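*Asks:* Sharing a structure below in structure tokens format, with a few things to ask.
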Amino acid sequence: MDKVQAIFKSTLRLIHQFGFHGTPMSQIAKHADVAIGTIYHYFESKDELIFALFKYCKKEVAEYIFKDDSIEKEFKERFFALWLNFVRFYIDNPEYLSFLDQFYSSPYLQQALTNETICGQDHVSAFLHEGVNAGAVKNLDTNILSVVFIGTAVSTVKRHLHSLHQFDKKSLNHIIEVIWDGIKK
């Protein structure tokens, strides 16, 4: 693992455990097994590290969600697979969900909003827009469809991670069927 990757992984784990304000750069350096100067070589400040980590997390999540996607498949099949990948990723990597939750609830969000990060420009929104254009999904605003897709996935993961309910494959398929029935055209 390279140094930047080690810094990102350590920052994710520490922020998951202690939050943004409870995770000083010195602790990140110690946990990543790098000198504090190494972190400042790559990132001028903690804020710059947080923004870089945000981009890294978005990229990692998107790569995992879309890893097996193919436009050759029926849209419904793709929708099911992508939603289940989304849920699996966050169940297996709760530190990503924790980081992104904190990021979206912080003042960092307003600074990070660009054409790359706002709804309508990300991978999930583009995929849902594709479904609208193909006539597979109701002609709704992508913001609404994204809330349905992402919101249900995040809620499912949180219930699972907090031991409120352990979702098995059958129950996850029931959830995705309900979602699909609500948005299909």
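Quick grid of which residues meet (1) touching a helix residue (DSSP H, G or I) at 6+ places or on another chain (Cβ under 8 Å); (2) assigned by TED's automatic domain parsing to the domain that holds ILE150; (3) at positive phi:
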residue	(1), (2), (3)
ILE7	yes, no, no
HIS21	no, no, no
ILE36	yes, no, no
ILE50	yes, no, no
VAL61	yes, yes, no
TYR64	yes, yes, no
ALA81	no, yes, no
PHE86	yes, yes, no
TYR96	yes, yes, no
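*Asks:* Is it the case, given these coordinates, that VAL132 is touching a Leu at 6+ places or on another chain (Cβ under 9 Å), farther than 25 Å from GLY19 by Cα, surrounded by 12 or more Cβ atoms within 10 Å (Cβ to Cβ) and aliphatic (A, V, I, L, M)?
*Replies:* For VAL132, the condition - touching a Leu at 6+ places or on another chain (Cβ under 9 Å), farther than 25 Å from GLY19 by Cα, surrounded by 12 or more Cβ atoms within 10 Å (Cβ to Cβ) and aliphatic (A, V, I, L, M) - is met.
*Asks:* Then there is this: Any residue at all in region 45-57 that is surrounded by 16 or more Cβ atoms within 10 Å (Cβ to Cβ), out of contact with any strand residue (DSSP E or B) (no Cβ under 9 Å at 6 or more places or on another chain) and part of a loop (DSSP other than H, G, I, E, B)?
*Replies:* Among the residues of region 45-57, not one is surrounded by 16 or more Cβ atoms within 10 Å (Cβ to Cβ), out of contact with any strand residue (DSSP E or B) (no Cβ under 9 Å at 6 or more places or on another chain) and part of a loop (DSSP other than H, G, I, E, B), which makes the answer no.
*Asks:* Could you run through region 157-170 and say how many residues are in a helix (DSSP H, G or I) and surrounded by 13 or more Cβ atoms within 10 Å (Cβ to Cβ)?
*Replies:* Of the residues in region 157-170, 5 are in a helix (DSSP H, G or I) and surrounded by 13 or more Cβ atoms within 10 Å (Cβ to Cβ).
*Asks:* Quick one: how many residues across region 21-42 are in contact (Cβ under 8 Å) with a residue 24 or more places away in the chain, crowded, with 18+ Cβ neighbours inside 10 Å and not β-branched (Val, Ile, Thr)?
*Replies:* 1
*Asks:* OK, next. Every residue in region 65-84 that is assigned to a helix (DSSP H, G or I), surrounded by fewer than 18 Cβ atoms within 10 Å (Cβ to Cβ), touching a Lys or Arg at 6+ places or on another chain (Cβ under 9 Å) and free of Cβ contacts under 8 Å to residues at least 40 places away in the same chain, please.
*Replies:* Once the filter is applied, which keeps residues that are assigned to a helix (DSSP H, G or I), surrounded by fewer than 18 Cβ atoms within 10 Å (Cβ to Cβ), touching a Lys or Arg at 6+ places or on another chain (Cβ under 9 Å) and free of Cβ contacts under 8 Å to residues at least 40 places away in the same chain, region 65-84 yields nothing.
*Asks:* With the structure loaded, tell me whether HIS16 is assigned to a helix (DSSP H, G or I), in contact (Cβ under 8 Å) with a residue 60 or more places away in the chain and not assigned by TED's automatic domain parsing to the domain that holds ALA126 or whether it fails that test. Outline the logic, then answer.
*Replies:* Values: assigned to a helix (DSSP H, G or I): yes; in contact (Cβ under 8 Å) with a residue 60 or more places away in the chain: yes; not assigned by TED's automatic domain parsing to the domain that holds ALA126: yes.
Against the criterion (assigned to a helix (DSSP H, G or I), in contact (Cβ under 8 Å) with a residue 60 or more places away in the chain and not assigned by TED's automatic domain parsing to the domain that holds ALA126), HIS16 qualifies.
The values are calculated or read from the model by the stated rules, or taken from the named source; none is laboratory data. Note that this is a predicted model, so its numbers are computed, not measured. Using ideal geometry, Cβ is built from the backbone for each residue, glycine included, and neighbour counts are taken over all protein chains shown.
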